[in-house]
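The values are calculated or read from the model by the stated rules, or taken from the named source; none is laboratory data. Fair warning: this is a prediction, and the values are worked out from it, not measured in the lab. Note that each Cβ is placed from the backbone with ideal geometry, even for glycine, and that neighbours are counted across all protein chains shown.
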Amino acid sequence: MAELGLLYLGMGVSGGEEGARNGPSMMPGGSFEAYKYIEDILLKVAAQVPDSGPCVTYIGKGGSGNFVKMVHNGIEYGDMQLISEAYDVLKSVGKLSNEELLSVFSEWNKGELLSFLIEITADIFKIKDDKGEGHLVDKVLDKTGMKGTGKWTVQQAADLSIAAPTIASSLDARFLSGLKEERVKASEVFKSGGFGDILTDQAVDKEKLVNDVRQALYASKICSYAQE
């Protein structure tokens, strides 16, 4: 088609609603000639990071741009699962209140765990239920869906014989999350409530637990990124 003057450019875009307002991260792939035609536009549209510049770079030929976006989403699956498990341990074992969790995640977002996902996790603990008492986080349905990019990442990893256990485990967790009725029935057979019940009689050093979970989360994120 290039001989006919038709140039194709595919592009992964990340940023959601905030990206639409303040600039997204873009991952163009395909015809480099096509990219050069619109490079100036993309550089202006992209999110701008101090000391790093615009969040856009030409990835490579073919569908490489969308492939990178797929892997990006797969890593995000893993990150969200790691954060949810960190929350579970702090809430169930440490018995941290939502106010304490807000403080912990806000502090984490000032150090090596600084990220958008940690930031919005902290924000969640601020939200009160405007139609009842307590915090909204305690009333969220424990069931989620998926768009498919995490599954595609795991499928590609398997096809390429690459071990990606963190993302694969996060995908399994999503599968189980969707089986709400089955989990309710299983809970009637297996009565344990999890960590909280198992460790109910043990004293917990909250400060040490928070530090241990922080380090475990950081190490797990490094492992997840290394898998990709």
Taking the options 170, 187, name whichever one is in contact (Cβ under 8 Å) with a residue 40 or more places away in the chain and part of a helix (DSSP H, G or I).
170
Being part of a helix (DSSP H, G or I) and among the basic types (Lys, Arg) is the filter; apply it to segment 112-158 and report the residue that is nearest to residue 15 (Cα to Cα).
151
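Given the condition of a type in the set (Asp, Glu), buried (at least 16 other Cβ atoms within 10 Å of the Cβ) and closer than 27 Å to residue 148 by Cα, answer yes or no: does some residue in segment 99-113 qualify?
No, segment 99-113 contains no residue that is of a type in the set (Asp, Glu), buried (at least 16 other Cβ atoms within 10 Å of the Cβ) and closer than 27 Å to residue 148 by Cα.
In this structure, is residue 29 closer than 23 Å to residue 152 by Cα, outside any helix (DSSP H, G or I), in contact (Cβ under 8 Å) with a residue 12 or more places away in the chain and not acidic (Asp, Glu)?
On the way: closer than 23 Å to residue 152 by Cα: yes; outside any helix (DSSP H, G or I): yes; in contact (Cβ under 8 Å) with a residue 12 or more places away in the chain: yes; not acidic (Asp, Glu): yes.
Yes.
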So residue 73 passes all but one of these: (1) at pLDDT 95 or above; (2) part of a helix (DSSP H, G or I); (3) surrounded by 16 or more Cβ atoms within 10 Å (Cβ to Cβ). Which condition number does it fail?
(1)
Being part of a helix (DSSP H, G or I), assigned by TED's automatic domain parsing to the domain that holds residue 176 and surrounded by 14 or more Cβ atoms within 10 Å (Cβ to Cβ), is that true of even one residue in segment 42-57?
no
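For every residue, the table says whether it meets (1) of a type in the set (Asp, Glu); (2) closer than 12 Å to residue 12 by Cβ; (3) free of Cβ contacts under 8 Å to residues at least 12 places away in the same chain.
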position	(1), (2), (3)
24	no, yes, no
36	no, no, yes
47	no, no, no
52	no, no, yes
57	no, yes, no
So which of 148, 134 ends up being in the same structural domain as residue 104 (by TED's automatic domain parsing), over 29 Å from residue 72 (Cβ atoms), modelled with pLDDT under 95 and out of contact with any Leu (no Cβ under 9 Å at 6 or more places or on another chain)?
134
Output the residues belonging to segment 114-168 that are closer than 26 Å to residue 104 by Cβ, of a type in the set (Lys, Arg) and surrounded by 15 or more Cβ atoms within 10 Å (Cβ to Cβ).
none
